[in-house]
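Peer 1: Dumping the structure here so I can ask a few things about it.
The values are calculated or read from the model by the stated rules, or taken from the named source; none is laboratory data. No experiment lies behind these values; they were computed from the predicted model shown. As a convention, Cβ positions derive from the backbone with ideal geometry for all residues, glycine included, and neighbour counts pool all protein chains shown.
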């Protein structure tokens, strides 16, 4: 009975979202405040209904109600509680429920915190959110209903895919969806503005916090996913340029571009049309990602049991939303007035440069991801585009951007002085080269390109610090004044510096791992040892063990450096009993930012075992840098100007909307 | 510079960048695309040694042999042709005889053995690499058990 209540709540949500899609829009057309006022309450109701429905699905998982087909397929009574809960979204239906939950959550946020928005804009934004909710609500109810029953109910479930039985599943998808789906708000703002045909700097001011929030979550989500794949799959890789990874990376690239262009629009009222287009494109890429992941049209290492018939439904949603949005854009964009002029060398110019590179990079990733699909459809030929393609194109494209990052914040708005900025960055360049030289000296050789890469990373770190130092006037005023000025800087200045610093940290991690990682595949018998990264790893023997729903064989290794013991590490192979599925649990030992990674292979007939050992220098920097970027996003979000400034902008904007909010 | 010249310079720079990016993408494609073959295709077409391809099919039952150290040899079949494969490294957890597999690598000159540097793993044992499933079905191989779960 309770399952049917959850199902019913989902149907009610669909009804609510249809109301939310139509009435507010009718309200703005007929200028009827009562109709427009329907939007916020419909959005909040929709969220509550979805949350209720989601809670009931979770309840079915927690109580192992195998009369629900979805629970039977993906759960097991012996499964630990945390995986029963995270297992809710560890499958197609549940994952779409999470998508919908987060979508309605954002609608409810707009409804609750959008009190300072002009009434018409808020009504339209929520109406567009309603369309998306309706589309995905229909999708779930018609093709992916998690509440379908089985009769008679099986006694035991089929268990969750063992790879997903990890704390990563509890963290990665919610974060990723908060990012991915969060961009729907930017999309809705763009469409709402196009419907009304009115876009000014105030609009950018309202959109930017949402873009920042979505971007920060997406950054964390991608980083978490990367780390999860790294430790769970046992292949030692942290990024595979796999279609599913690209699916989340493309919205991130476009979203990063959007953050920066919205900045120009907010401050200078330039790049209006472009910013609106980017808002549309970013969420379109999120939708495309959902399609790629959920339909299984591309061969992917991440492809879980997928169903191509559902792909057609999502493809339809995709075409309607992207096609509709771009048509509306084509229709309305010419009526928007272009704003503020600026010299090529200026803060705006730097941000345009950023946008040019990021969108080109996103387009490149898109090309590489979709090319096999297009070629197969056209010629029937099957190809795969692998990591070398992406490394070459993406790597080369990003290079000028990385070099330019520290320049951007140092250039003035309207007209900047490149030479002056270059002079100010002299120290940063010097520090970068100096630290890279030290690294070269301590490593005693290695590819020159790698040290060039490290120098770029260090230069970015120093550049971010330089930016803060210059803003607080270090060297020009006394230390006390500089310190006071530093703490008086707006949150967004810190956010920018932090995020750019994070990029530098990530670059250092990527370069170090790519250039200096070592890998050994060896056959080991107890007592044998192998050298990696200056550490000696000795194999002591195997041990049998069992967990709640698996049996495992673990190898025990002791680690020593120059004869001194540095700890131990267990690496295991598990066999999950319900699915008879083996998994590898890599043994990882962290030393500073570097890691020793041990993965077990097959046992040999003579008692030995194949062991794969990696030394991963500075690898943690990749994810720590991403977390610093995320922190930068949230620090910017806390900027008082974004919170308090927005309503001021709204009030100023209302009497003379075309002028927008002045600084 | 006049305003017009400035604008031209900016647009020219942007277009130049885009053209460079397109050329780069085309160059990278020509370097790094791997075509997908099943063993039956290789009876009809010759793949030059050193060209990276993806080889898909089923692991022939009884063909997996562990050599010295971590080198493994096995035979990939699509019931029409067979190709011997050698791979050094750790096989994915779900690598089993009679199951689908995708191996990436190249042939060496004058040797019929395919040298794989990557053997693709799948997250889910009910999941068949789509490329393999399509091609095998097209050649009339029934995939036992593939649909039994759903």
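Peer 1: Could you tell me whether residue A:387 is within 14 Å of chain B (Cβ to nearest Cβ), crowded, with 22+ Cβ neighbours inside 10 Å, within 28 Å of residue A:228 (Cβ to Cβ) and modelled with pLDDT of 85 or more?
Peer 2: No: the conditions fail for residue A:387.
Peer 1: Quick one: which of A:370, A:356 is out of contact with any strand residue (DSSP E or B) (no Cβ under 9 Å at 6 or more places or on another chain) and either closer than 30 Å to residue A:463 by Cβ or not in a helix (DSSP H, G or I) (or both)? Outline the logic, then answer.
Peer 2: Values: A:370 fails: either closer than 30 Å to residue A:463 by Cβ or not in a helix (DSSP H, G or I) (or both).
Testing whether each residue is out of contact with any strand residue (DSSP E or B) (no Cβ under 9 Å at 6 or more places or on another chain) and either closer than 30 Å to residue A:463 by Cβ or not in a helix (DSSP H, G or I) (or both) leaves just A:356.
Peer 1: Just name the residue that is farthest from residue A:272 (Cα to Cα) out of those in segment A:342-353 that are assigned to a loop (DSSP other than H, G, I, E, B) and more than 8 Å from chain B (Cβ to nearest Cβ). Walk me through how you get there before you give the answer.
Peer 2: Going residue by residue through segment A:342-353, those that are assigned to a loop (DSSP other than H, G, I, E, B) are A:342-346.
Of the ones still in play, those that are also more than 8 Å from chain B (Cβ to nearest Cβ) are A:342, A:345-346.
Details: A:342: 14, A:345: 19, A:346: 17 Å.
Once the filter is applied, the top-ranked residue is A:345.
Peer 1: Next question. Run down A:502, A:446 and say which single residue is in contact (Cβ under 8 Å) with a residue 60 or more places away in the chain and more than 22 Å from residue A:636 (Cα to Cα).
Peer 2: Working: A:502 fails: more than 22 Å from residue A:636 (Cα to Cα).
Criteria check complete, one pass: A:446.
Peer 1: Separate question: Do you know which residues across segment A:405-426 are surrounded by 15 or more Cβ atoms within 10 Å (Cβ to Cβ) and free of Cβ contacts under 8 Å to residues at least 60 places away in the same chain?
Peer 2: Passing the criteria: A:407, A:421, A:424, A:425.
Peer 1: Same structure, new question: So, of the residues in segment B:49-90 that are closer than 29 Å to residue B:29 by Cα and in contact (Cβ under 8 Å) with a residue 60 or more places away in the chain, which turns out to be farthest from the other protein chains (Cβ to nearest Cβ)?
Peer 2: So, considering only residues that are closer than 29 Å to residue B:29 by Cα and in contact (Cβ under 8 Å) with a residue 60 or more places away in the chain, the one farthest from the other protein chains (Cβ to nearest Cβ) is B:49.
Peer 1: Restrict the check to segment A:142-154 and report whether at least one residue is assigned to a strand (DSSP E or B), closer than 30 Å to residue A:93 by Cβ, away from chain B (no Cβ under 14 Å) and at pLDDT 90 or above.
Peer 2: yes
Peer 1: Further, regarding this structure: State whether one or more residues within segment B:79-90 are more than 28 Å from residue A:609 (Cα to Cα) and modelled with pLDDT of 85 or more.
Peer 2: Within segment B:79-90, one or more residues are more than 28 Å from residue A:609 (Cα to Cα) and modelled with pLDDT of 85 or more.
Peer 1: Which one is modelled with the lowest pLDDT among residues in segment A:71-82 that are part of a helix (DSSP H, G or I) and surrounded by 24 or more Cβ atoms within 10 Å (Cβ to Cβ)?
Peer 2: A:74
Peer 1: Among the residues of segment A:311-329, count how many are under 20 Å from residue A:257 (Cβ atoms) and surrounded by fewer than 18 Cβ atoms within 10 Å (Cβ to Cβ).
Peer 2: 1
Peer 1: Does any residue of segment A:172-179 turn out to be assigned to a helix (DSSP H, G or I), modelled with pLDDT of 90 or more and within 25 Å of residue A:600 (Cβ to Cβ)?
Peer 2: There is at least one residue in segment A:172-179 that is assigned to a helix (DSSP H, G or I), modelled with pLDDT of 90 or more and within 25 Å of residue A:600 (Cβ to Cβ).
Peer 1: Going by what's in this entry, would residue B:21 be described as crowded, with 16+ Cβ neighbours inside 10 Å, within 15 Å of the chain's Cα centre (by Cα), under 26 Å from residue A:392 (Cα atoms) and facing chain A (nearest Cβ under 7 Å)?
Peer 2: When the stated conditions are applied, residue B:21 does not pass them.
Peer 1: Tell me the residue from B:100, B:105 that is at pLDDT 75 or above, under 23 Å from residue A:293 (Cβ atoms), buried (at least 19 other Cβ atoms within 10 Å of the Cβ) and more than 8 Å from chain A (Cβ to nearest Cβ), please. Write out each step before concluding.
Peer 2: Values: B:105 fails: under 23 Å from residue A:293 (Cβ atoms).
Unique residue meeting the criteria: B:100.
Peer 1: Checking the condition in contact with a helix residue (DSSP H, G or I) (Cβ under 7 Å, 6 or more places away or on another chain), over 18 Å from residue A:511 (Cβ atoms) and more than 9 Å from chain B (Cβ to nearest Cβ), which residue from A:380, A:422, A:408 passes?
Peer 2: A:408
Peer 1: Sticking with this structure for a sec: If I ask for residues that are assigned to a strand (DSSP E or B) and in contact (Cβ under 8 Å) with a residue 60 or more places away in the chain, which ones from segment A:589-599 would you list?
Peer 2: Our first condition is that a residue be assigned to a strand (DSSP E or B); within segment A:589-599, this holds for A:589-591, A:594-599.
The answer is A:594, A:596, A:597, A:598, A:599.
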